[in-house]
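Take a look at the structure set out below.
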């Protein structure tokens with residue numbers, strides 16, 4: 001038994017701020033402004049100027065990809081293409097993998113203001129295949145050695161560019177599938193353990209991961225399921241299978257389907273293939289791309305909904321957003337469900353009509369506030385490609401006032417999984433009137449994150465009877481100004497009442513994973 005005294009920020013429905021919380025054997029026994037006599041003698045943690053909150057959740061990340069790049073080559077901070085090439089060269093001196101994989105190429109963060117090219121990758125690494133994923137996770141650049149390994153079928157796909165080495169749209173997905181088939185499962189699991197520890201450092205105790213990126217036999221889905229059941233720390237994993245094959249999801253007894261890749265309805269702004277209702281400001285003939293016909297998306301949503309699955313789909317542009325709304329509406333008319341919690345991921349440029357439908361139908365939105373302050377895709381670029389529509393991106397205040405449940409994620413590895421940065425961004429929207437309050441932003445990453453996957457009865461807020469998944473911050477966010485929020489730091493993550501412990505081994509994970517009946 002342990003008593004915490006100080007600023008206990010509950011993040012419950014009524015937004016209570018308490019003075020005391022008592023935890024015993026992983027459960028919260030008491031929260032309140034007074035401490036009952038029976039708990040007076042328990043060991044006490046005096047918070048002082050610190051605060052106690054529910055642990056954070058990340059409601060959309062690509063965990064297998066994040067784990068890979070977290071342990072590998074990250075070129076996001078390179079200031080020039082010369083520097084990027086040198087980083088790649090230096091990395092190859094230490095790394096012996098047959099395919100050199102990296103993440104974070106952007107036209108906006110380098111002085112040349114363009115992507116690294118096939119020829120520049122050849123210069124940096126002529127003897128091994130190189131695969132560098134663009135910062136937005138929707139394109140890659142490869143060298144000549146990589147191209148020589150690709151199946152001929154890839155070269156006929158939309159988005160294949162032999163001269164520059166850039167691959168986007170269907171070609172990108174195919175190249176990614178090809179590369180992931182070459183990754184060792186044992187190495188992937190080792191990287192996943194390291195990545196879970198990295199998430200914990202940021203106060204994250206639950207993640208919603210989207211799986212299914214081309215591993216043979218969907219092994220990434222199996223590995224993330226194993227991870228979720230096998231972690232000894234209390235860290236929670238909720239798996240969304242990125243497929244439109246509903247039968248595959250049912251065979252694995254997973255309750256959720258969706259994400260990006262096979263359930264992405266469009267591309268992204270960075271590649272100028274997010275599907276728009278009106279043309280891009282810089283390209284009058286381009287409205288982006290819808291990857292599926294309306295009928296295909298509707299049929300998928302109907303089947304998944306009939307099977308009782310929770311559905312989430314990627315939609316960046318307003319045309320894709322409307323397609324997702326239409327599909328979910330059709331599914332609910334076909335088979336009404338009161339508490340479905342279907343969602344539209346990102347929803348960066350939602351239409352007003354679509355938002356009205358979301359409010360009416362109870363469609364939730366897992367979004368990424370960090371996109372609002374994304375150096376790799378700055379506001380100036382968005383204004384260039386979208387014009388005045390930039391002012392309509394992620395209208396957090398409007399969506400919140402409409403009663404739409406918003407939850408916070410990172411889309412890692414696109415942005416780093418850091419809830420404090422996400423909270424800061426949500427409270428400091430570049431359109432000030434679309435900012436949310438600190439309390440609302442905290443709940444995006446706590447209560448709403450748990451609610452999104454039906455976990456709110458056990459997690460997401462500090463209430464009597466719930467599991468003691470908590471985080472201690474260095475300050476009380478409710479006493480800070482929005483512009484000060486980056487001063488928050490995670491001091492301790494507590495899961496099931498115990499301080500998070502790093503370093504679980506693979507054998508322990510495997511043993512627990514195969515024997516445990518834990519929820520994923």
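Annotations for the structure displayed:
- Degrees separating the helix 352-361 axis from the principal Cα axis of the chain, which is the longest one: 50 degrees
- With 0.36 nm allotted per residue and the present C-alpha distance subtracted, the residue 201-residue 90 stretch has 37.2 nm of extension available.
- Rounded tilt (10° steps) of 294-306 against the dominant C-alpha axis of the chain: 30 degrees
- Cα-projected label distance for residue 507 with residue 337, points at 7 Å along beta-carbon direction, nm: 4.2 nm
- A straight line joining the Cα centroids of segment 196-262 and segment 429-508 runs 21 Å.
- Sequence ranges 271-283, 321-333, 480-492, ranked by mean other-Cβ count within 10 angstrom, highest first: 321-333, 271-283, 480-492
- Principal semi-axes in Å for segment 67-180 [√(5λ), Cα gyration tensor, largest first]: 20, 16, 13
- Relative to one another, the C-alpha centroids of segment 129-179 and segment 66-95 are positioned 18 Å apart.
- Zone of residue 458's modelled label, taken as backbone nitrogen in segment 21-62 under 14 Å from a point 7 Å along Cα→Cβ: 26-28
- Hydrodynamic radius of segment 139-220 per Kirkwood, over alpha carbon pairs, in Å: 14.5 Å
- Per-peptide average of other Cβ atoms within 10 Å, ordering 211-224, 73-86 highest first: 211-224, 73-86
- Tensor-based shape of segment 107-167 (alpha-carbon gyration tensor, a/c under 1.5 rounded, otherwise prolate or oblate): oblate
- Compactness index (Cα Rg / 2.2 N^0.38 Å), segment 38-90: 2.18
- Degrees between helix 506-515 axis and first principal axis of the chain (Cα, 0 to 90, nearest 10): 70 degrees
- Quotient of C-alpha Rg and 2.2 N^0.38 Å, computed over segment 1-121: 1.81
- The antiparallel fraction among DSSP beta bridges confined to the chain stands at about 45%.
- Extension gain for the segment residue 416 to residue 375, taken as residue separation times 0.36 nm less the Cα-Cα distance, is 13.6 nm to one decimal.
Coordinate-derived values only; no laboratory data. All of these numbers come straight from a predicted model, not from anything done at the bench. All Cβ positions, glycine included, derive from the backbone under ideal geometry; neighbour counts span all protein chains shown.
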